[in-house]
1. Could you tally up the Lys pairs in the range 1-102 with alpha carbons closer than 26 Å? Skip any pair fewer than 8 positions apart unless they're on separate chains.
2. By average Cβ neighbour count within 10 Å, what is the ranking of 76-85, 101-110 from highest down?
3. For the chain, what % of the accessible area comes from carbon and sulfur atoms, probe 1.4 Å?
4. Which three numbers, in whole Å and largest first, are the semi-axes of the equivalent ellipsoid of the chain derived from its Cα gyration tensor as √(5λ)?
5. Ranking request for peptides 59-68, 22-31: highest mean number of other beta-carbon atoms within 10 Å first, then the rest in descending order.
6. Which far-off residues, 5 or more places away or on another chain, put their amide H under 5 Å from the one on L49, with H placed in the peptide plane?
7. How big is the shadow of the Cα convex hull of the range 22-64, averaged over all directions, in nm²?
Amino acid sequence: MWYDWAYVHFEETSANGDVIETHYPAKILGFVKLQESTEAVIQCTDKPLCWSRVKKHFVVKVNLGTDDAVSVVTVPLSSFVHPLCVVPDYGGNGTSYIVVLPRRNWSRYFADRIVLD
């Protein structure tokens, strides 16, 4: 079975009450219509992921959250930052996946690694 993934923006509250902007890779489970708006039902990874990490490493291993009360939520479609290319980690534990840098960013990734004499 194949699911689409998205990079999702959240505003979370820290222990001291500060609002922190975070981004999570999330598996899209479906869509629901609530009153007059459509929201996505998603399952988030257990930790946020900084986009700079994906840009630096090309691939980043993530784990889906296993506590459904926390990791499965509905979000407005406006929370989606962009689609993600995510593949299962077939050697992993069943909840691990690999986020791949989008193809549109590959040329910059490889150009940054060219060493000219």
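1. So the count works out to 7.
2. 76-85, 101-110
3. 54
4. Here the semi-axes work out to 27, 17, 15 Å.
5. 22-31, 59-68
6. Correct list: H23, Y24.
7. 3.7
The values are calculated or read from the model by the stated rules, or taken from the named source; none is laboratory data. Note that the coordinates shown come from a computational prediction; the quantities given were computed from them, not determined experimentally. Counting neighbours? That spans all protein chains shown, and the Cβs are built from the backbone with ideal geometry, glycine included. To get the accessible areas, we keep the full protein, side chains included, count just its heavy atoms, and leave off ligands, DNA and RNA. Shrake-Rupley method; radii C 1.70, N 1.55, O 1.52, S 1.80 Å.
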